[in-house]
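Take a look at the structure set out below.
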Ligand SMILES: [Zn+2]
């Protein structure tokens, strides 16, 4: 993963989508690509498996067009974790997208000087 923060975002995406409807590997892979996360099945499947081991997701096998597909839904614990994470994201979002955010200290100083002159 090219960015150290993406791992957490990806987990949140997965939890969120699993809270909306049952998800399956290929579908979530496409959804993550749509968001610009290029994951290989070799990364995603172990991740789904670990999230199930941690009781955030539960899975069952489903027969779709003659093929067995593993379908994941969120657990009660997963839902709790998602709600808590959502509040944290809201807080972070507020800071990151506040007016002053991402303006370098030098820029702020320049603007302050302009105001004074
Ligand atoms: Zn998404």
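Out of segment 11-30, which residues are out of contact with any strand residue (DSSP E or B) (no Cβ under 6 Å at 6 or more places or on another chain) and over 20 Å from residue 89 (Cα atoms)?
21, 25, 26, 27, 28, 29, 30
Looking at (1) more than 15 Å from the ligand (Cβ to nearest atom); (2) under 13 Å from the mean Cα position of the chain (by Cα), which is the only condition residue 92 fails?
It is condition (2) that residue 92 fails.
Can you say whether residue 56 is within 15 Å of the ligand (Cβ to nearest atom), more than 18 Å from residue 89 (Cα to Cα) and touching a residue at least 24 places away in the same chain (Cβ under 8 Å), as far as the supplied structure shows?
Numbers: within 15 Å of the ligand (Cβ to nearest atom): no; more than 18 Å from residue 89 (Cα to Cα): yes; touching a residue at least 24 places away in the same chain (Cβ under 8 Å): yes.
Taking the combined requirement at face value, the residue does not satisfy it.
Filter segment 1-48 down to the residues that are within 24 Å of residue 67 (Cα to Cα) and not in a helix (DSSP H, G or I), then identify the one that is nearest to the ligand (Cβ to nearest atom).
Checking each candidate, the answer is 23.
No value in this document is a laboratory result; all are computed from the given coordinates. Source: prediction; values computed, not measured. Methodologically, a virtual Cβ is constructed for each residue, glycine included, from the backbone with ideal geometry; neighbour enumeration extends over all protein chains shown.
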